[in-house]
Amino acid sequence: MQSAMSLSLSSASPIVRSDVSSFTSQAPRSLRFCGLKREAIFGLNNANSAFRSSARLVSSSSSSSLNKVFSRNLKISATSSGNGAPSSEGEFDYDLVIIGAGVGGHGAALHAVEKGLKTAIIEGDVVGGTCVNRGCVPSKALLAVSGRMRELQNEHHMKSFGLQVAAAGYDRQSVADHANNLASKIRNNLTNSMKALGVDILTGVGTVVAPQKVKYGKAGSEGTIITAKNIIIATGSVPFVPKGIEVDGKTVITSDHALKLESVPDWIAIVGSGYIGLEFSDVYTALGSEVTFIEALDQLMPGFDPEIGKLAQRVLINPRKIDSYTGVFASKITPAKDGKPVIIELIDAKTKEPKDTLEVDAALIATGRAPFTEGLGLENINVQTQRGFVPVDERMRVIDANGKLVPHLYCIGDANGKLMLAHAASAQGISVVEQVSGKDHVLNHLSIPAACFTHPEISMVGLTEPQAREKAEKEGFEVGIAKTSFKANTKALAENEPEGLAKLIYRPDNGEILGVHIFGLHAADLIHEASNAIALGTRIQDLKFAVHAHPTLSEVLDELFKAAKVEVDASSPVGEPVAV
């Protein structure tokens, strides 16, 4: 969440409300699978429309020049107990130290132990980071409630099944407890998984004091210094609050506060219509609130493929108790006090002229997330953040103020801004561990899927249609579009959930998948067939031979790939039948 919910953005320093899409990392180096432009998946141009952010404590990489690593033919043997002695005994306390125990740090730690690296992880807050404690996980609990409430409240839907249901109600505290209990359970699972493998969990604030040296302990204390052959920064992000907005945690809140569900206001304004805002609008309207979106860009849901966004708006916004203001900034928000409501002053996003003043019961600030990189001691190794983000190359190696790689230091996840998603952080962490274990690896960010867990869901991977056409114009190829509807899917019809669309963007000349976008029932689960195809380089002409169980929602993708018109034959031979 994007970060407070399911997905996020990308870039380098606190997100200023006008230019989320400008977050970029270093230019890739002539590799096919290099980093992704921040806007490649989300394309936001303004923080007021930034995505939720799901993915908090994540920010990556550590290692010296890979050439040195390879030249030494690095080999590390695992001990039978899992987390063994450091490979260079006596020289370092650990093979790998990770600062930040969010999803990214956790994924890196587990993979490091699998590779035989003696590993420690430093956490100054709680294990799990934003995703588990204040993002993806508790938000999914609230959305599970909103989905059931929405279904039970839909009398026509229930009658179509022959069901009669009395008026549905809910207990706010029990709903909040469900979210909190889920976060606690997942947090314990992550902690226990690391302990079971022998990862040392060090409590305190982690600071880089010198190359391959980290200090940890309570803030302001002398702390303990440890040495590590490689260091990964994975400190994640925090909610971004634009200037002029006063957050009191009660009536003017961020996603961190909203997930506690301490109240369900009659009327709540949500600043930003990205992932965070959309998911919370789903929760609040299902629980009875009226919602007003405040969006800086000229349309709602600006980061989605335009065709998918248009359909989603028709289903997720228009029929619900939601209205909106677009092309405006919330220049000032004052919390409710002394019997007065929350006051929101709006100005034109372009002219900055006053537009309107709103009086509401509460306001949720869903303008994206900012990297949590202060106090890391980066000045000790001559590293300057870019708008708060730690600069890295396509291998997550940290770059110093002179443009040189910092040996043995990496940064993953939200802290580097490449793609602010929890699972992206984990993938980056695994990629880094591969590198420090002696195997070169470059993550293809275009293959990383994203999802918005509304009802119905939205998911996507790769480029939107405008991005694909821009790329095609520059590189000189044609773009093909194929679409399939959920209305033709047996399983969707059986569920009385026929509203949905899947869209494939591809190259007709060679069958390459450029992007897939889905809106409909379980879209977040369906997207992975496409994302894995992109990651593995599988062409559409091969996917046409894939077999899908019937009747399942996966046949939406089956029909989608079969609908594509590719100009070449199958790129790989079909295997000989096997007698069984």
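Please treat every number below as a calculation from the coordinates, not as lab data. None of the values given here were measured: they were computed from a predicted structure. Cβ atoms come from the backbone with ideal geometry, glycine included; neighbour counts cover every protein chain shown.
Quick query: amide H of Ala349 versus all other amide H atoms, modeled in the peptide plane; which residues come in under 5 Å with a sequence gap of 5 or more or a different chain?
Val328, Phe329
Take Asp177 and Asn402, extend 7 Å from each Cα along the Cα→Cβ direction, and tell me the distance between the two endpoints in nm.
Output for this residue pair reads 6.0 nm.
Tell me which residues come under 5 Å, amide H to amide H, from Phe293 once H is placed; ignore anything under 5 positions away on its chain.
Counting only residues 5 or more places away or on other chains, the set is Ile270, Asp323, Ser324, Tyr325.
According to a simple spin-label model (label point 7 Å from Cα along Cα-to-Cβ), what is the distance in nm between Asp509 and Arg314?
Label-label distance for Arg314 and Asp509, simple model: 3.4 nm.
Whole-Hz Karplus ³J(HN,Hα) for segment 502-512, in order, using 6.51 cos²θ - 1.76 cosθ + 1.60 and θ = phi - 60°, x for Gly and Pro?
Taking θ as phi minus 60°, the curve returns 10, 10, 10, 10, 8, 9, x, 6, 9, x, 6 Hz for segment 502-512.
Loop only per DSSP, at most 15 neighbouring Cβ atoms within 10 Å: give me the GluC sites (Glu not before Pro) in segment 137-241, ordered by residue number.
Answer in residue order: Glu222.
Does segment 348-425 come out rounded, prolate or oblate, given a ≥ b ≥ c as the square roots of the eigenvalues of its C-alpha gyration tensor, rounded meaning a/c under 1.5 and, failing that, prolate meaning a/b above b/c? Walk me through the intermediate numbers first.
Numbers: a/c = 2.96, a/b = 2.31, b/c = 1.28.
Cα axes put segment 348-425 in the prolate bin.
So, by mean Cβ neighbours within 10 angstrom, what's the order for 378-390, 247-259 with the highest one leading?
247-259, 378-390
If the cut-off is 26 Å between C-alpha atoms, which lysines fall inside it for Lys215, apart from same-chain ones fewer than 8 positions away?
Lys68, Lys115, Lys118, Lys195, Lys229, Lys404
Can you compute the charge dipole magnitude of segment 350-430 about its Cα centre, using +1 on each Lys and Arg Cβ and -1 on each Asp and Glu Cβ, nothing else charged? Give it in debye, rounded to the nearest 20.
On the way: 9 positive and 10 negative charges, 70 e Å.
Roughly 340 debye for segment 350-430.
Which lysines have a Cα less than 28 Å from the Cα of Lys355, not counting those fewer than 8 places away in the same chain?
In chain and number order, the partners are Lys243, Lys250, Lys310, Lys321, Lys332, Lys337, Lys340.
Taking the Cα centre of segment 107-168 as the origin, how large is its charge dipole in debye, to the nearest 20, when only Lys and Arg (+1) and Asp and Glu (-1) carry charge on their Cβ atoms?
Charge dipole, segment 107-168, about its Cα centre: 80 debye, nearest 20.
Tell me the trypsin sites (Lys or Arg not before Pro) within segment 157-221 that lie in a loop according to DSSP and have at most 15 other beta-carbon atoms within 10 Å.
Lys218
Around Val209, with a cut-off of 14 angstrom between Cβ atoms, what is the net charge of the other residues, counting Lys and Arg +1 and Asp and Glu -1?
Net of charged neighbours comes to -1.
Suppose R0 equals 35 Å; then what is the FRET efficiency for Asn188 and Thr227 from their Cβ-Cβ distance, rounded to the nearest 0.05? Before the final figure, lay out the partial values.
Numbers: r = 30 Å, r/R0 = 0.86.
The formula returns an efficiency of 0.70 here.
Amide H neighbours of Leu553 under 5 Å, at least 5 residues apart or on other chains, H built in the peptide plane: list them.
Residues meeting the amide H criterion: none.
Going through segment 394-444, which trypsin sites (Lys or Arg not before Pro) have at most 15 other Cβ atoms within 10 Å and a DSSP loop state? Walk me through the intermediate numbers first.
Details: sites: Arg395, Arg397, Lys404, Lys418, Lys439; in loops: Arg395, Lys404, Lys418, Lys439.
Passing sites in segment 394-444 are Lys404, Lys439.
Whole-Hz Karplus ³J(HN,Hα) for segment 438-455, in order, using 6.51 cos²θ - 1.76 cosθ + 1.60 and θ = phi - 60°, x for Gly and Pro?
After applying 6.51 cos²θ - 1.76 cosθ + 1.60, I find x, 10, 5, 8, 10, 6, 8, 5, 5, 9, 8, x, 9, 8, 10, 8, 7, 10 Hz.
Answer rounded, prolate or oblate for segment 434-507, using the Cα gyration tensor with square roots of eigenvalues a ≥ b ≥ c: rounded when a/c is under 1.5, else prolate when a/b is larger than b/c, else oblate.
Note, shape of segment 434-507 comes out oblate.
Rank Ile333, Leu358, Val442 by how far each Cα sits towards the positive end of the charge dipole of segment 330-489 (+1 on Lys, Arg Cβ; -1 on Asp, Glu Cβ) and give me just the farthest.
Toward the positive end, the furthest listed residue is Val442.
Explain nothing, just compute: Karplus ³J(HN,Hα) = 6.51 cos²θ - 1.76 cosθ + 1.60, θ = phi - 60°, for every residue of segment 363-377 in order, whole Hz, x for Gly and Pro.
Along segment 363-377, the couplings run 9, 10, 8, 10, 9, x, 9, 10, x, 9, 10, 6, x, 7, x Hz.
Where nothing but the Cβ of Lys and Arg (+1) and of Asp and Glu (-1) is charged, how large is the charge dipole of segment 184-320 around its Cα centre, in debye to the nearest 20? Numbers along the way, then the final one.
On the way: 13 positive and 14 negative charges, 163 e Å.
It works out to roughly 780 debye.
So between His548 and Glu475, what do we pick up on full extension, going 0.36 nm a residue minus the alpha carbon distance?
Working: separation 73, 0.36 × 73 = 26.28 nm, distance 3.43 nm.
Full-extension gain reported as 22.9 nm.
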